[in-house]
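S.K.: Input: one structure, supplied below.
The values are calculated or read from the model by the stated rules, or taken from the named source; none is laboratory data. Keep in mind the model is a prediction, meaning the values are calculated, not measured. No Cβ is skipped: glycine too gets one built from the backbone with ideal geometry, and neighbour counts run over all protein chains shown.
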Amino acid sequence: MRLDRIALVLLAAGCGQRFGGAKLAAPLAGKPLARHAADMLRTFDFALHGAVIGPTTPELPGYATILLDPPGAPQSRSLALGVAAAVQSGASAVLVALADMPLVPRAHIEALIAGFDGDRLASRAPASVMPPVLFGAQHFAALSTLDGDRGAGALLHNAPTLLLPGQAALDVDTSEDLALAQALLERDAKKWEPVFRNKSRENKDSIAGCDSI
C-alpha cells in the first residue's frame with residue numbers, strides 16, 4: 001500500500017504512573033523519550049502524522065496533535081480519537097505506534113508496510129503481539145468502539161506478525177526501562193563510531209588525492 005494511503009496514529013498521551021509522571025518528556029540520549037519514535041516515524045510520507053497527546057507530552061514537531069479528552073482516559077479512547085483523525089484524512093489504513101517504544105528501527109516499519117496486505121499486520125516479541133501495527137479501513141469501526149486499556153489487542157487474534165529485532169520491543173514503563181534504553185542507544189552509537197571514523201578518513205584521503213592532482 002502506498003504511504004499516502006496510510007495514516008500514522010502515535011499514542012503519546014500516557015501519564016506514566018509507573019514511571020512517576022511525565023514519562024514521555026523524560027530525557028533519553030539528548031531528547032525527550034517520545035521524540036525517538038516520533039522523529040523516526042516522521043521520515044515516512046504518510047497521509048497523516050497524528051499524535052494523541054496528554055498534558056505532559058513534549059512538543060512533537062511535524063505532527064497534528066489530538067488532545068486526549070478526558071485526560072487520563074484509557075488507551076481505547078486514544079485509539080478512537082486517532083482513528084477518527086485517520087478517517088478524516090481519507091486514509092485506507094492506520095499505523096498505530098507507541099511513543100514509549102524508542103528503539104523500533106525504521107527498517108521494521110518499512111517491513112511492516114511492505115508486508116501489509118490491507119487487513120492486519122502486527123509486531124511481535126518472543127512472548128507477545130504488540131504495536132507498531134497496521135489495520136485496514138475495515139477495522140476502523142471496531143477500533144473506534146474498544147473499551148479499557150487493552151487497546152487494539154482484542155483485534156489481533158490470529159493476525160500475521162513480524163518479529164521485532166533484538167531489544168526493539170522495549171516499552172519504557174519505569175526508570176529502569178529508561179536506563180536500559182539509554183545503555184542500548186549508547187552501545188549502538190559506539191558501534192557506529194568506527195564506521196564514521198573510517199568514512200571520515202576515507203573522505204580526507206580522497207580530498208588529499210584531489211588536491212595533489
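S.K.: I need the full set of residues from the range 129-162 which are of a type in the set (S, T, N, Q) and free of Cβ contacts under 8 Å to residues at least 12 places away in the same chain, in order please.
M.R.: Across the range 129-162, the qualifying residue is only 158.
S.K.: For the range 8-34, how many residues meet the condition of being surrounded by 15 or more Cβ atoms within 10 Å (Cβ to Cβ), in a loop (DSSP other than H, G, I, E, B) and in contact (Cβ under 8 Å) with a residue 40 or more places away in the chain?
M.R.: 7
S.K.: Residues being within 13 Å of residue 105 (Cα to Cα) and either in a helix (DSSP H, G or I) or of a type outside the set (A, V, I, L, M, F, W, C) (or both): count how many of those fall in the range 35-52.
M.R.: Selection size over the range 35-52: 8.
S.K.: Counting only residues that are of a type outside the set (A, V, I, L, M) and crowded, with 16+ Cβ neighbours inside 10 Å, which one in the range 94-111 is farthest from residue 33 (Cα to Cα)?
M.R.: Checked the range 94-111; the qualifying residue farthest from residue 33 (Cα to Cα) is 108.
S.K.: With the condition kept exactly as written, say whether any residue in the range 81-101 is more than 17 Å from residue 3 (Cα to Cα) and part of a strand (DSSP E or B).
M.R.: yes
S.K.: Another question, then. Scan the range 130-139 residue by residue and report those that are of a type in the set (A, V, I, L, M, F, W, C) and either surrounded by fewer than 17 Cβ atoms within 10 Å (Cβ to Cβ) or assigned to a helix (DSSP H, G or I) (or both).
M.R.: Matches in the range 130-139: 137 only.
S.K.: How many of the residues in the range 27-41 are more than 16 Å from residue 85 (Cβ to Cβ) and within 14 Å of the chain's Cα centre (by Cα)?
M.R.: The qualifying residues number 8.
S.K.: Taking the condition surrounded by 20 or more Cβ atoms within 10 Å (Cβ to Cβ), among the small types (Gly, Ala, Ser) and over 19 Å from residue 181 (Cα atoms), does residue 114 pass?
M.R.: In short, no.
S.K.: Now for a different question. Restricting to the range 58-84, what's the tally of residues that are more than 20 Å from residue 149 (Cα to Cα) and crowded, with 18+ Cβ neighbours inside 10 Å?
M.R.: Looking only at that region, the number is 3.
S.K.: Would a scan of the range 140-154 turn up a residue that is in contact with a strand residue (DSSP E or B) (Cβ under 6 Å, 6 or more places away or on another chain), farther than 21 Å from residue 17 by Cβ and hydroxyl-bearing (Ser, Thr, Tyr)?
M.R.: no
S.K.: Here is a follow-up. Mind counting the residues in the range 141-160 that are closer than 20 Å to residue 128 by Cα and either in contact with a Cys (Cβ under 7 Å, 6 or more places away or on another chain) or part of a helix (DSSP H, G or I) (or both)?
M.R.: Matching residues across the range 141-160 total 6.
S.K.: Filter the range 102-129 down to residues that are of a type in the set (A, V, I, L, M), out of contact with any strand residue (DSSP E or B) (no Cβ under 8 Å at 6 or more places or on another chain) and part of a helix (DSSP H, G or I), then give me how many there are.
M.R.: Counting residues in the range 102-129 that are of a type in the set (A, V, I, L, M), out of contact with any strand residue (DSSP E or B) (no Cβ under 8 Å at 6 or more places or on another chain) and part of a helix (DSSP H, G or I) gives 2.
Table: residues versus (1) surrounded by 15 or more Cβ atoms within 10 Å (Cβ to Cβ); (2) of a type outside the set (A, V, I, L, M).
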position	(1), (2)
92	yes, yes
119	no, yes
146	yes, no
153	yes, yes
183	no, no
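S.K.: Can you pull out every residue in the range 42-70 that is in contact with a Gly (Cβ under 6 Å, 6 or more places away or on another chain) and more than 19 Å from residue 143 (Cα to Cα)?
M.R.: 42, 64
S.K.: Residue 146 fails exactly one of the following numbered conditions: (1) more than 13 Å from the chain's Cα centre (by Cα); (2) at negative phi; (3) at pLDDT 95 or above. What is the number of that condition?
M.R.: Among (1) more than 13 Å from the chain's Cα centre (by Cα); (2) at negative phi; (3) at pLDDT 95 or above, residue 146 violates only (3).
S.K.: Let me ask something else. Can you tell me which residue is surrounded by the fewest Cβ atoms within 10 Å (Cβ to Cβ) among those in the range 35-57 that are within 21 Å of residue 183 (Cβ to Cβ) and of a type in the set (A, V, I, L, M)?
M.R.: 40
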